[in-house]
Structures are given as structure tokens and as C-alpha cells.
1. From C:Val93, C:Val23, C:Val44, grab the single residue that is within 24 Å of A:Ile90 (Cα to Cα) and surrounded by fewer than 19 Cβ atoms within 10 Å (Cβ to Cβ).
2. Quick check on my filter: what residues within region A:207-248 are of a type outside the set (Ser, Thr, Tyr), buried (at least 21 other Cβ atoms within 10 Å of the Cβ) and away from every other protein chain (no Cβ under 11 Å)?
3. Pull up region A:254-265, narrow it to residues that are at the interface with chain C (Cβ under 7 Å from one of its Cβ atoms) and assigned to a helix (DSSP H, G or I), then point me to the one that is nearest to C:Pro86 (Cα to Cα).
4. Filter region B:63-104 for residues that are within 8 Å of chain C (Cβ to nearest Cβ), in contact (Cβ under 8 Å) with a residue 40 or more places away in the chain and either crowded, with 24+ Cβ neighbours inside 10 Å or touching a Ser or Thr at 6+ places or on another chain (Cβ under 9 Å) (or both) and give the result.
5. Going through region C:84-131 one residue at a time, which ones are in contact (Cβ under 8 Å) with a residue 12 or more places away in the chain and aromatic (Phe, Trp, Tyr)?
6. Considering each residue of region C:177-227, count those that are among the hydroxyl-bearing types (Ser, Thr, Tyr), buried (at least 21 other Cβ atoms within 10 Å of the Cβ) and in contact (Cβ under 8 Å) with a residue 24 or more places away in the chain, and give that number.
7. Among A:Leu75, A:Leu42, A:Leu81, which is the only one that is surrounded by fewer than 24 Cβ atoms within 10 Å (Cβ to Cβ), in contact (Cβ under 8 Å) with a residue 12 or more places away in the chain and either closer than 27 Å to C:Met272 by Cα or under 21 Å from the mean Cα position of the chain (by Cα) (or both)?
Amino acid sequence: MSGYTEGIIILLCINAIAAMGVSLLTGFTGIFSLGHAAYMALGAYTTAILTIQHGVHWFPAILCGGIVAVVVAYLIGVPTLRLLGDYYAIASIGLGEAIRLILENWQSVTRGARGYPGIDPYTTLPVAAGIFIVLAIGMFNLINSRFGRACKACRDDYIASSLLGFNTARIRVVSLMISAFYCGVAGALLGGFLSFIQPVMFDMLKSTELTAVVVFGGLGSMSGALLGTAVITLVTELFRPISQYRMLIYGAVLVIVMVIRPEGIMGNRELLSWIKAPFRRKA
Amino acid sequence: MTEVCGEKTVLLEVRDLHVSYGAIKALTGVSLKVCEGEIVCVIGSNGAGKSTLMNAIMAMVRREKGEVILSGKPLEAKSFRVVQQGVSLSPEGRKVFAPLSVLENLRMGAFSRGADKGVEEDLEWVFSLFPRLKERIDQYAGTLSGGEQQMLAIGRALMARPRVLLLDEPSLGLAPIIIKDIFRELRRINNEGVTILLVEQNARQALLLSHRGYVLQTGQIVQEGPSADLLANADIKAAYLGGGHGAGKTTKALS
Amino acid sequence: MGTLLQQIINGLSLGSVYALIAVGYSLVYSILLFSNFAHGGFLVIGGYICYGILKTFGTNIWLAGGLSLAGAGIAAVLTERLAYRPIRERTNVTLYLLIASMGMSIVIENIFVIVAGGRFRALPPVIPTAPINFFGFATTSAFDLLSLVSAVVFLGALQLFLLKTRWGLAIRAAAYDLRTAGLMGVNVNRLISIVFFVAGALAAVGGIFLSVRYTLYPQLGAITIKAFVAAVIGGLGSLPGAVVGSLILGLAEMLTAGFISSQMRDLVVFSMLVITLLVKPTGLFGKSVSEKV
Amino acid sequence: MTAFFELSNVTKNFGGVQAVSSMSFSIAKGELTGLMGPNGAGKTTIFNLISGVYDPDEGSILFKGEDLVPLKTYQVTSRGIARTFQNLRLFQRSTVLENVMTSAQYHIHYTFAEGMTHLGRWRRKEKEIHEKSMDLLSRVGLADRAEQAAGTLPYGHQRRLEIARALALDPELLLLDEPAAGMNAEEVGSLNVLIRDIHRDFNLTTLVIEHHMDLVMEICPHIICMNFGAKIAEGTPDEIQNHPEVLRAYLGEEEVE
């Protein structure tokens, strides 16, 4: 396998992990976030700092990256997820930007806007693929469990679900925390893949890109999120020579999908519906 | 059924109207006629499709099949055109514009008439029908009592100078004494030449007021006739109070 | 004392520009109940039209300004027609509108990246920026005063339009209940187009002043985030709220820049957002909406 | 001796309009009670007050001796109260089966980790949830529709699905909000039978809001009638049928022939 192909596959894995996180939150729990790149940044910076400055092995460092993202998501989520709809979307922009600004201004720890170089290239193909597979299995299992149904219930009708006994506020926060973990790990892997991170890599455009992929794949479909990642990552590679069109395409994809098929490529179905509940086949 | 209007002309006609919300069929082939100068009521219980009928005439929901004809011309599929063609609705639950004043609400009612000079005259006409509204002309509509809001909603619909006035449950949530007032004004409005089609749950009041009536049940007209006949017909009570199941018992109890 | 006064004037001036943007955004929100993220795009379109005309046809700011307002207004109407109306007509899920508006925002920004390039451009010096002395207390620039005055004029005109005209009345009614406004014989689609035109034109005014203040570049629209924050602080959908929120935000930013550090100003903006959402999520003038069960 | 369920002096205002005024009634365990009254009388508001959607301005709501007023909606459910909705609130995008499973899982637990790994009790418990849901669906006659999207069911079926979904919570007190609205005569008939049967078979205490007077009369031995937010009559069907206030509320204010 050539280095180029390998690079694309690693990137695919990283993007897919982040997309699964956003898909859980936006597609399954119905919360629209425009600040998820910030969780990637937290994962990336935590891992970089731990590996370089404290000599921690990359594997626990990546986990820590995910955990820091989860903790921040918890602190942010508890107060703000009481808000519904557009209020949370705007709050998430604000929070995302605030985290990025802190990374830019906290020179002593993050080395500021110029970025953080010299990260170990720990993200090899087996590492990226291995983590992706584990997280993918976890995510697919999760959406086919009590929690997955609870998320969908909150998404479809939060009043009815709270009257069916769901603590909707808690489900929203937990869903945000899990999605932050996935994005944190994705960010950590991205740092190891590029060996260099910079706050500007995790701005609102990155957040939008994450959402675009999930919307394109289909809100409420995890395999759709993976398919969306594959299509958009590969198309982006094809368009690399005319990279200034890349964002234009992202934007146009969002609009066109919403106008023509707001349920995305997959709708709310899964690619292989037998993943859903193995024992249901006999029913 | 052929000549309900006799000498009079048919002003509004609903022909085989079908409406669905997704898989739910709300109206399945409703036909009715309203003659010039008449008050016609459609009675039926909750969920029978009364509001859907009103909204379908106003083109607020899509008419899946069938048509609505006003003096020989089909009503268009856009609400603002329907109002311009001469049909206006006082909606269920009144729906006054709470943050606007009484006067502004009434002016909104006349929106489709543009800069028509008759608007000022009609304002006075509405105030003469409902003097309480004149007393509260600058008050926010949201601060009015339920009965006053209903008067405002009717006045607002009249400001469009409709050829047919549609009323969706004007008695909803109002005390009997206020209902009586409002129905008295409706008769007066009719006497001044406005044709009225109203849907009501309060069947007795509606039948006492109207000339003719239709009974709507799960999306279909099940009975029709002069209101006096319907009022005398014991089965009607069962029909609008319930699904007809166990009707005999209820009817006996109420007769 | 002098610095304080000066920062207050600068803050009000900046706040008034935010207000122009926030009011249009809030107006759209009040009718359609979704956050139109493409609003920043209208501002950029207005800025570039003004720049283009000044560069090509000389320095008549009235002509350039007028065309810029009209152009941005038309762009806003087209955005609504092409991207939002098909969605509105099919579903009432506002999330879809929100996502589409995010997409439109990216499309507009990147059209300018491709067509005009990413360079920073300065508007020709048609708007005076000379310093003005305030009774010896403070100096401020003519530009700051001009943007404050313009904002007052445009917002006043909007207020007159809403209060004194037939369509203005219809817009106020629709902001309370769009469906019922439709029952009154209002052509709802036309009403929405008018609202988008007004929002686009106001954004263009903001865009012109922002391009003088910060120069013009395709990402200038990102500044609307602050207008959104202002609208949320004031209460989403409330026009007075949008104005008050904007002025508070402008003042906070300028006072932070003047007395603490210029790097902290964005952080202050976002912390104010967070605090508002924690303390009074509906904002200063917002109404809490509850769903019927 | 406290009643099984008791509403005392409950008042609720909405912006100056008194939706419920000083309402009191109690229900004994195992009773099937009807709450009737014309549109806008405040019946649904009572349900919203019981289930915690609104807090009353005054008064208390006691369930097995505990005041429900301070509880959040999901906590009310945990005390054993379930309800259906007048304007159907199904999870439209999910299948019929998933709708019931969503509430059937309430009492069938496994940990988050087991859910994520599909190890441990996951398979067994999921199967339990699945079987319980299918049982309930057969009970309301929807088993053959299990895989259909809930939003594509006809009206009468959606109402039955809501009942199945509420039953899946194993409630002690079941609140049914106009279960027959929009149904035709035939459907109302079989719904009557269903309500009576589940009330008996699931050892429920049931409160039914109903507009159809004859449905209430036929199945409820105990009926409360309200109008303008206040109770106007309470008693057996016979008493209610002959109560002048009730006839006035339903048929208009004049004397009934």
C-alpha cells in the first residue's frame, strides 16, 4: 500500500470517528451543535501535551484526550443543554469559539496561535483502524440498546419522553459527553497523524464540516454517517487540486441535501438493518 | 339533496372534499351547500374533522381531492386568494394577535382590501356590533377576556367584508351567558346580509341559530336537514355526543 | 475620564453596527423561528457591492450605498426563495432550515473567496474618519459618530415602517402568529420576502461600516456571530432586545479592549453569552414559549 | 385514611384565565373513573397538572399519600403514573414496536457498558423488552403492524399504540386523554372493550378524559363532570345523566325538552 493511500485511510478513520460522535448527538438526539471541533481540539492538545511534555505513552494519552473532552462537555452541557433548538446551536458556537480562543491565548501551555509542532507520529494505520473499529462497534451497539432508544425518543418528542419516564436533560448531557469523547479521540489521532496542531484547525468551519458529513449521510443513521464520511473525504481528495472549491462544495451539499432530501442518503435507516437487533430476525 | 336552496342561489359549495394528514384521513368526501343569506352549521364531536373542514375551505391545509366553489368559481389553493375571493374565517381558539391592539387586529382583518375607503366605515360597523371592542380599542388583544377575544376574532374576520363568514367553534371555552351574547350578534350579522357557515360542538346553540345543519362524524357528513328537524331528531344528540355506540341509552337519558 | 468617554462612544458605535445586523437577524427569526446563519453572507455581499461600485464608478457613496443595500436585499430574498422556501413548504422542521442556512453561509463566503480572492481590501476613503474633539474631554472619529447616526436613522426608518404601514402591521402580526396572518389574506410568501429584503439591506449597511472599520474580506460575515450573541442576550426574536443586546455587547467589547486587553474582548463576548444563557435563557426581552401538550 | 389518588383545591391560571379553579376529587384504588366536560373545560389541564407538565398555582395532588406537585415529569412516571395524549405524541420516525420498546425498557435494566458491548445481560434483557412489547402489541391488536413506522398508522391504531406504550411502563394509575377522539362508531365500540379489559387485567386505576358522553357512561362506574375549570357534578352514570348542570354544559343553557 502506498503512503498516499495509507494516509487517506487513516484520515478516513479519524473523520469517521468524529462523524459518529456528531451523528449520535445531532442525528440521534436531535441536538444541533456548531462547536464540536473544539472537542477535537481538546483531545488533540491534551494528547500532544501529555506525550511531549510528560512523556506519557500515546495510548493512555489518547484516552486522556477523550476524557478531557468528556469532562468539558459535562461542564458545558449541564447548564446549556436545558436550552432547546437554536439557543443551543448559538451557545455551541460561542462555547466552541471560546475554547479555541483560550487555546490561542494560553501561550504558556498551548504555545498559542502558531501551533504545536513535534507530535509523535503515533497514528499509524493499525492504530487508527483499530481504534476506529472498537469505537464503531461500541457506537453501533449503543444505538441498539436502551440508551439509543432513549436518545431517539428525546429527539422525536421530548415532552412525551419525559412523561414516559426519561430524564431528558440527563440523556442529552450523556449523549453530548459520548459525542465529545469520540471527537476528542479523533482530535488526538489527527494530532498524531499530522504531527502538528494549531487552534485554527479547529474553528467553526471544522465544526460545520463535521455536521455537513452527518447531515449528508442521513440524520439518524450511523451507517449513513460513515458513508457520508467516506464520500465526502474521498471527494475532497479528488478536488484537492482545486481546493478552494472544497468549502463551497460542503456548503452546497448542506443546502442541496436539505432541499432535495433532508433525511440524507440513508434516511434514518441503517445500511445493514440486521445489525440493529440480531434476534429480531425470527420475529 | 338536489335543491336545498330552492329559490335562493347557492353561494358556497363544498364538493367531495378529502383531506389527510399523513396516514390519517381527516375528511373523506364531504359535500355541503350554503345558500345566499343563510346560516348553516356543521356539528360534530371532537376529532370529527370540523376544523379540518374550515381549514380546507381556507386552503390552510391541502385539499387532496374535491373542490370548494364560491358563486360558481372554485376557491383557489392559496389562503390569501381565498380571502380576496370573499371568504374569511374566525379560527378555532380565536387566535387574536395578542401583542397588537384591538384596532390593529381589526385592521389586520382588512388587510386584503388594501387602501379601500370602506375600511373606516366597516370599523364603525364592527364597533356597533361589538361596542365592548370600541371601549378597548387601544388595549392589547392579549389582555382581553375570552369573550371579548371571540368578539374581536369575529370582528376581524368581518373586516375582510366576506361574502361567506366561516366560524370555527365560536362558543369554545366561553361561559353560557357570553355564548348567548355572541350568538345573538351572529344573528344580527346575518340579518345584515352576511352568509355564515359555522362549525360547533355546542350543537343545541348552533342548531337554534342556524337555518340548516349538517352532522359530521369521523370525516363524513352523516345527516343533514333543516336545523329545526335536526334539533327535534333525538339521534342527533347521540351522533354528536358520541360515536353512535350505545346511542339509544344516551338519547333516552337526554330526551 | 477622557478614555472612558471615548471608549463608550466607540462602544456605542460598534454596538449600533451590531444592532443593524442583529435586528435583521431577529426579524427573520421572529417570523420563521430559525437562526439564519446566512445572514453574515448578506453583509459581505453588501460590502463587496459597495466596494465594487466605488472602485468602478468613482466615489459616489450614495449610489454605491443604495445599490449595495438593494443588492444585499435581493440576495437575501433569493436565498430564501431558492434554499428555504422549498424546505418550508415541505416540512416544519426548523432544524433543516438551520442547516441549509449554515450551508448558504458557506456558499456565499466561498463564492467571494473564489471570485474576489481572500485579500483584505480597504474601501476607498468615502467615509470620513477624521478625529473629532469632544469639548476637550475626548476624541473620537467622525466615522464612529457617522455609523452611530446611520444606525439610528435606519433603525428609526424600520420602526416607522413596522408601525405605520400595512405591511409593517402584517409583519408584526406574523411575528406573533404566521399562520393566522395568512388567514387575514396576507400573502405569506411575499411577507417573508419583504422581511428578508429588509434584513439583507440592514445587513448591508452594517457590512459597509464594518468594511471601513476592519477592511473587507470574505470571512467578514463571521462577525455576525457577535450579532447573534447580541440577539440572544436581548432575547431571540425581539427587536428592542436585539438593539439593547447589541449596545451592551459593543460597550463591553470596547471597554474590555480599552481597559483590560484587546485579546480578551472576544472572550468577554462569549462569556456574556454563557452567563445570559445560564441566568436568563430567554434573554432580556425574550418570552418563554411553551409547547401545547 | 388517605385516598389512593386525591386532587385537592387545585387551581391553575394561564395569564389571567383560570383554567382550573379549586378542583377537588379523589379516586379509590382499582376504580375506573371518567372525567368529562365540554371542550375547553380544563380536562387536559388536569392531566398536565397531575403528570407535572404544569405546576398548580394552589392545591395539592396526592398519590398514595405523596404530593406529586414538587416532582418533575419523569419522576411522576417513576411513582407509577402513565398517560396518553389528546394530540397523539408518538415517536413518529420509529416503528410501532420501537415505540413500545422505548417505554417497556423502563423497568428492564442493564448497564450502559452492557449496552455498549452487547455483553452480559444485554441479549437476555433486550429479548425480555422485545417480548413484553410484542405481548402488549398483540393485546391492543397491533402485533401485525410491529415493523411499520408509527406515523403511517391510521388514527384509531395510533391511539391504541399510545395505550400500549403507556401500559409498557407498568403503571398503577393510567390516565387516558380522549382515547376515542376521531374514531368512528365501530372503533369506539372495540375501544370500550379494550379499556375495560386492560383496566381489569392490569390491575389499574384508570382516569379517562372523554368527550363522547356515551363512552364514559358505558364504561365508567364513577364520573366527574367539569366545566369552566370547576367540577359541576360527580357520581354514577345515572346521577350524571340526570344532573341538570351536566345537561346544561353539554346541550346549551336552555332547558332540555
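The values are calculated or read from the model by the stated rules, or taken from the named source; none is laboratory data. The shown structure was predicted, so the numbers you read here are calculated from the model rather than taken from an experiment. Ideal geometry is used to build each Cβ from the backbone, glycine not excepted, and the neighbour counts take in all protein chains shown.
1. Details: C:Val23 fails: surrounded by fewer than 19 Cβ atoms within 10 Å (Cβ to Cβ); C:Val44 fails: surrounded by fewer than 19 Cβ atoms within 10 Å (Cβ to Cβ).
Among C:Val93, C:Val23, C:Val44, only C:Val93 is within 24 Å of A:Ile90 (Cα to Cα) and surrounded by fewer than 19 Cβ atoms within 10 Å (Cβ to Cβ).
2. A:Leu210, A:Val213, A:Gly217, A:Gly218, A:Met222, A:Gly224, A:Ala225, A:Leu226, A:Leu227, A:Gly228, A:Ile232, listed by residue number.
3. Kept after step one, since they are at the interface with chain C (Cβ under 7 Å from one of its Cβ atoms), are these residues of region A:254-265: A:254-255, A:258-259, A:262.
Right, trim to assigned to a helix (DSSP H, G or I) and you get A:254-255, A:258-259.
Numbers: A:Leu254: 14, A:Val255: 11, A:Met258: 9, A:Val259: 6 Å.
In this case the residue turns out to be A:Val259.
4. Correct list: B:Val83, B:Ser88, B:Leu89, B:Pro91, B:Lys95, B:Phe97, B:Ala98.
5. C:Tyr84, C:Phe112, C:Phe120, listed by residue number.
6. Step one: list which residues in region C:177-227 are among the hydroxyl-bearing types (Ser, Thr, Tyr), which gives C:180, C:193, C:211, C:214-215, C:217, C:224.
When the remaining residues are screened for being buried (at least 21 other Cβ atoms within 10 Å of the Cβ), the result is C:180, C:211, C:217, C:224.
Now restrict to residues that are in contact (Cβ under 8 Å) with a residue 24 or more places away in the chain: C:211, C:217, C:224.
Residues flagged as among the hydroxyl-bearing types (Ser, Thr, Tyr), buried (at least 21 other Cβ atoms within 10 Å of the Cβ) and in contact (Cβ under 8 Å) with a residue 24 or more places away in the chain within region C:177-227 amount to 3.
7. Values: A:Leu75 fails: in contact (Cβ under 8 Å) with a residue 12 or more places away in the chain; A:Leu42 fails: surrounded by fewer than 24 Cβ atoms within 10 Å (Cβ to Cβ).
Being surrounded by fewer than 24 Cβ atoms within 10 Å (Cβ to Cβ), in contact (Cβ under 8 Å) with a residue 12 or more places away in the chain and either closer than 27 Å to C:Met272 by Cα or under 21 Å from the mean Cα position of the chain (by Cα) (or both) holds for just one of A:Leu75, A:Leu42, A:Leu81, which is A:Leu81.
A quick yes/no check of all residues on (1) among the charged types (D, E, K, R); (2) within 13 Å of B:Val199 (Cβ to Cβ); (3) at pLDDT below 95:
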residue	(1), (2), (3)
B:Val14	no, yes, no
B:Leu17	no, no, no
B:Ser45	no, yes, yes
B:Val61	no, no, yes
